[in-house]
Amino acid sequence: MKKPFIIIAACCVAIAIFAVVIVRQKGVLPPSVIGEHVAPQFITDEAWRESIAEDPTAHGYSGYGILRDRRSDVAIQEGLRDIESEDGYVWMNAASYLGSRGRKEAIPYLIKALRHTAWRSDDERVEQLRQLTGETFGNSFEDWFNWYVAQPNQIQLDWESSLGHSPRLPKTNREQDVAPQSVTRSESKSEGGNKPQPESEARSR
């Protein structure tokens with residue numbers, strides 16, 4: 001009498017194992033921050049890449065950070081696209097992702113990020129810059145900037161735009177920027193324009 005039940009139980013276990021294998025290979029959960037914490041094995045790298053390709057602002061801008069932590073190269077092309085974004089958080093996260101993957105295209109953007117509102121990630125940016133360049137200028141934007149502009153094949157970059165709602169700019173520049181604007185995050189995404197080259201600044205955290 002017990003044999004049929006044993007056979008049924010064994011079949012159920014086999015089906016469950018087969019299902020887990022398929023799920024791990026294919027992924028069945030859509031990308032989400034909660035899913036990444038609860039069951040990351042059910043969300044593929046490719047699913048995160050597709051999410052970034054469609055909307056890099058989705059999931060609280062978390063896609064690039066998740067792929068960076070996974071040490072995945074799947075979104076390199078999206079990252080190269082998004083470092084030129086006017087959204088201050090899209091280009092910053094794309095630069096951090098590219099830097100973690102050893103892409104030198106990230107260098108000027110990681111330097112610019114040392115002026116971004118999101119100062120808590122400065123140490124990470126400096127470490128990426130050290131690994132990419134072999135230089136050690138700490139978290140001084142001015143030192144990194146002066147080094148970069150002396151390099152051959154530098155790119156032209158607006159160093160003062162799209163830096164979040166409270167950019168770490170020299171006081172005179174910051175007063176000019178803030179006066180006509182409301183310092184909201186949504187408006188900070190479109191800030192910037194043709195502004196003077198960076199000048200000496202005193203950084204404090």
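All conditions but one from (1) in contact (Cβ under 8 Å) with a residue 40 or more places away in the chain; (2) in contact with a helix residue (DSSP H, G or I) (Cβ under 9 Å, 6 or more places away or on another chain); (3) hydrophobic (A, V, I, L, M, F, W, C); (4) closer than 20 Å to residue 57 by Cα apply to residue 119; the one that does not is (2). Checked against (1) at pLDDT 50 or above; (2) surrounded by 14 or more Cβ atoms within 10 Å (Cβ to Cβ); (3) polar (S, T, N, Q), residue 188 passes all but a single condition, namely (1).
The residues of segment 137-164 that are of a type in the set (D, E, K, R) and either in contact (Cβ under 8 Å) with a residue 40 or more places away in the chain or over 19 Å from residue 126 (Cβ atoms) (or both), listed by number, are 142, 158, 160.
Give the residue that is surrounded by the most Cβ atoms within 10 Å (Cβ to Cβ), with candidates limited to residues of segment 24-66 that are of a type in the set (S, T, N, Q) and either in a helix (DSSP H, G or I) or in contact with a strand residue (DSSP E or B) (Cβ under 7 Å, 6 or more places away or on another chain) (or both). Among residues in segment 24-66 that are of a type in the set (S, T, N, Q) and either in a helix (DSSP H, G or I) or in contact with a strand residue (DSSP E or B) (Cβ under 7 Å, 6 or more places away or on another chain) (or both), the one surrounded by the most Cβ atoms within 10 Å (Cβ to Cβ) is 51. For segment 87-106, a residue qualifies if it is acidic (Asp, Glu) and within 21 Å of residue 58 (Cβ to Cβ), and exactly one does: 87. Checked against the criterion of being among the charged types (D, E, K, R), surrounded by 21 or more Cβ atoms within 10 Å (Cβ to Cβ) and within 17 Å of the chain's Cα centre (by Cα), segment 126-141 has no qualifying residue.
Are any of the residues in segment 102-122 within 16 Å of residue 49 (Cβ to Cβ) and surrounded by 24 or more Cβ atoms within 10 Å (Cβ to Cβ)?
Kept after step one, since they are within 16 Å of residue 49 (Cβ to Cβ), are these residues of segment 102-122: 103.
Going one step further and asking which of them are surrounded by 24 or more Cβ atoms within 10 Å (Cβ to Cβ), we end up with none.
No; the residues of segment 102-122 include none that is within 16 Å of residue 49 (Cβ to Cβ) and surrounded by 24 or more Cβ atoms within 10 Å (Cβ to Cβ).
Among the residues of segment 70-97, those that are small (Gly, Ala, Ser) and assigned to a loop (DSSP other than H, G, I, E, B) comprise 72, 75, 85.
Conditions (1) part of a helix (DSSP H, G or I); (2) assigned by TED's automatic domain parsing to the domain that holds residue 53; (3) touching a Gly at 6+ places or on another chain (Cβ under 9 Å), marked per residue:
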| position | (1), (2), (3) |
| --- | --- |
| 68 | yes, yes, yes |
| 112 | yes, no, no |
| 120 | yes, no, no |
| 124 | yes, no, yes |
| 128 | yes, no, yes |
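The values are calculated or read from the model by the stated rules, or taken from the named source; none is laboratory data. Nothing here was measured: the structure is a model prediction, and the numbers come from that model. Note that each Cβ is placed from the backbone with ideal geometry, even for glycine, and that neighbours are counted across all protein chains shown.
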